[in-house]
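Everything on this sheet refers to the single structure shown next.
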Amino acid sequence: MKKLLLFMANPTNDMDEDLTVLGNLGLMHISPFQPAKDESIERVQKRIGELEKAIAILDECDGAESVSSIEVPDYSKEERGEVALLQKVIEADTITSELKKQVAELNKAQQWYECWGNVSLEAIRAINESGVYLKLYEVPDKDLKNLRNQDNVEVVAQSNGHSQVVLISEDKDATLNYHPIELPGVSKQEVELALSEKNTELANGQQLLLQLSAQKNVLIDALEERNRRLTIRTVQYGGIAYHDRVRCWEGFIPEDKVSNVTDVAEQNGWGYVVREPRHDEYDLVPTLLKNPKWTHKIKPVMNFMGLVPGYDEIDVSKVFLVFFTFFTGILVGDAGYGLIFFALTLFAHWKTGFVKKIEFGLFYTLSVSVMVWGVLTGTYFGAETIANIPFLKQLQVQQLASFGGDNLKIQQFMFLIGAVHLTIGHLQKGWKYINSVIPVAQLGWVSIVWGLYFLVNKMVLGIEAPEYMPWLFIGGAVLVALFSSPGQPLFKGMLSSLGNLPLNVINGFSDVISYIRLYAVGLSTVLMASSFNDMAIGEGITTIASGVGAVLVLVLGHALNMTLAAMAVLVHGVRLNMLEYAGHASVEFSGSEYNPFKLKK
């Protein structure tokens, strides 16, 4: 990356044209000098919100069929037609929403009359004015016996465990200890007439929205234009203006694209300064990863975890993808589950019209990895019976087999994977500084890692270590002490390296042991699957009820097991790459992604 200072004249004028050229170029990653603030930004943001609301309103009309011939103008041919359409949609929606509230209230009043009958409100008011007060209540049937002794209480109807009663009293303040039923504000005839009118108005309003939805693309295009305008304004006011004569932006461009930017700058009369980022600016420099196409599959995982190597860190995408795929196969480790994952991915891919997306490529790859490891270990839905089918048994590696395999060899294999993984990290770090003595120190760390591998085998598995194991530690420590701190005085550098060495060795020991999680989690997946099989059909299926129960246990049990296995991939598969391997490769994922100012053409 190169650092770029870009200057444009006339910052008080509309800079849309110049910034559109820069945005269409799409190469400059801009680091704002300040938060972008201006009235024009607020206006555009407000309009964007209104457009998004109007589009959402019309989205609700999708799929509905128009039965009206309401005439609406062609807003695409009118000046500022998108604003007129926007206002019409919001106005129609506001009116429709209010009508829905009124209809809901009228429906409540209609339900009241259906419950209490054709009550005359005028008659009740007349009675009340004569000094006799009527109050309505709904009373649970079980409480009626307490009211029957009262002469001023009349039961008018009973239904669904409740009774409708009327309190008749000359005392205006007399009440029953129940919640009173309020009278509707309008008569039954008025309710029916108003309900018919409002429903007609509501239907017309909905039909108007349906007609307007045919021109939704006018709003979508306007929204895209306002978003473009907002992006330009944000960039414009994120720069610094000097004396109202020139505005400046700071940012970064790929080294191989410098000429593209400078050529455009000279054609448009922009000033520029291009230089190398200083070492203290590395935290600001975005990371642009250039990888083979096959490594792009790991992007969804790294984006999900927010993993971006720093500008001065090595790119771990290739190793991350290879080992993450391998770890997924081990952690799930069931060919039956892998087949289901593959089928689900294929189904989802088919539902999207086989659109090209990185995510589908990743899921296909991981599913195949799970199937391959399941075949090698003879694991098919945790059923040993299936594993013993002659054809399938010939495909498995006996020492790695889930049923009858050598658990000691499997655990040793996991530690071996860990040692290889960590070794690759140190070699990558050494290759980065190939023109210095640091690669020698990294070879020392490789020696220590393999010493730790043999030590872990001895302490955890009881496997005798080779006689040269101590020399791996001694030789590695000497190389680390002598060559880890280039640029410092020899004695001072040695003391610094030796001071940190014990703790680093202990951390390395725990890192190698950490790979045993692959064995433990993979084994737990197999054991859970086998347990669900035993629960379902362990004693046989003798009745229809036991058959249905067995199917439920198998489906729900294996679904739960697959879910837990998928979670284990996210927890353990990512962790071993992100912490153990990345730690030995000195990758802290402290970078920010290269995100240039780019406009759609």
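The values are calculated or read from the model by the stated rules, or taken from the named source; none is laboratory data. Just so you know, these numbers come straight off a predicted model, no measurement behind them. A quick note on method: Cβ atoms are made from the backbone with ideal geometry, for glycine too, and the neighbour counts reach across all protein chains shown. Accessible surface areas use protein heavy atoms only, side chains included; no ligands, DNA or RNA. Shrake-Rupley method; radii C 1.70, N 1.55, O 1.52, S 1.80 Å.
Test residue 291 against the criterion of being of a type in the set (S, T, N, Q), modelled with pLDDT under 95 and either buried (at least 17 other Cβ atoms within 10 Å of the Cβ) or within 26 Å of the chain's Cα centre (by Cα) (or both), and give yes or no. Give the steps one after another, and end with the answer.
Numbers: of a type in the set (S, T, N, Q): yes; modelled with pLDDT under 95: yes; either buried (at least 17 other Cβ atoms within 10 Å of the Cβ) or within 26 Å of the chain's Cα centre (by Cα) (or both): yes.
Judged against the criteria, residue 291 is a match.
Taking residue 285, is it modelled with pLDDT of 90 or more, open to solvent by less than 80 Å² (accessible area, probe 1.4 Å) and either among the acidic types (Asp, Glu) or within 28 Å of the chain's Cα centre (by Cα) (or both)? Spell out the reasoning first.
Details: modelled with pLDDT of 90 or more: yes; open to solvent by less than 80 Å² (accessible area, probe 1.4 Å): yes; either among the acidic types (Asp, Glu) or within 28 Å of the chain's Cα centre (by Cα) (or both): yes.
So residue 285 fits the description; yes.
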Query raised in the report: Taking segment 6-33 as the region of interest, how many residues are open to solvent by 50 Å² or more (accessible area, probe 1.4 Å) and in contact with a strand residue (DSSP E or B) (Cβ under 7 Å, 6 or more places away or on another chain)?
Result: 3
Report summary line: Residue pairs within 8 Å by beta carbon, gap of at least six or interchain, first lying in segment 381-405 and within 16 Å of residue 338 (Cα to Cα) and open to solvent by less than 80 Å² (accessible area, probe 1.4 Å), second among the charged types (D, E, K, R) and in a loop (DSSP other than H, G, I, E, B), listed first then second, are 381/334; 382/334
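Out of the helices (runs of 4 or more DSSP H) lying entirely within segment 488-601, which hold 1 or more residues that are closer than 30 Å to residue 288 by Cα and charged (D, E, K, R)?
Working: elements: 490-514, 516-537, 544-568.
The qualifying helices (runs of 4 or more DSSP H) are 490-514.
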Query raised in the report: Just one of the numbered conditions (1) without any contact (Cβ under 8 Å) to a residue 12 or more places away in the chain; (2) outside any helix (DSSP H, G or I) is not true of residue 474; which one?
Result: (2)
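Please go through segment 551-601 and pick out each residue that is β-branched (Val, Ile, Thr) and surrounded by fewer than 20 Cβ atoms within 10 Å (Cβ to Cβ).
Going residue by residue through segment 551-601, those that are β-branched (Val, Ile, Thr) are 551, 553, 555, 563, 569, 571, 574, 587.
Result: 551, 553, 555, 563, 571, 574.
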Query raised in the report: List, please: which pairs have Cβ atoms under 6 Å, are six or more places apart or on different chains, and start with a residue in segment 450-462 that is in contact (Cβ under 8 Å) with a residue 60 or more places away in the chain and end with one that is buried (at least 20 other Cβ atoms within 10 Å of the Cβ)?
Result: 452/508; 452/512
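Select from segment 450-471 the residues that are more than 17 Å from residue 507 (Cα to Cα) and among the hydrophobic types (A, V, I, L, M, F, W, C) and write down the one among them that is nearest to the chain's Cα centre (by Cα). Show your work before the answer.
Let us first name the residues in segment 450-471 that are more than 17 Å from residue 507 (Cα to Cα), namely 458, 461-471.
The next check asks that each one be among the hydrophobic types (A, V, I, L, M, F, W, C); those that pass are 461, 463, 465, 469, 471.
Details: 461: 41, 463: 45, 465: 46, 469: 47, 471: 49 Å.
Step by step, filter segment 450-471, then rank; the result is 461.
If you go through segment 9-19 one residue at a time, how many are modelled with pLDDT of 80 or more and either over 39 Å from the mean Cα position of the chain (by Cα) or over 14 Å from residue 267 (Cα atoms) (or both)? If you could, list the steps in order and put the result at the bottom.
From segment 9-19, those modelled with pLDDT of 80 or more are 9, 15-19; that's our starting set.
Add one more test, that the residue is either over 39 Å from the mean Cα position of the chain (by Cα) or over 14 Å from residue 267 (Cα atoms) (or both), and what stays is 9, 15-16.
Residues meeting the conditions: 3.
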Report task. Among the numbered conditions (1) out of contact with any Pro (no Cβ under 8 Å at 6 or more places or on another chain); (2) open to solvent by less than 70 Å² (accessible area, probe 1.4 Å), tell me where residue 316 comes up short. Result -> (1)
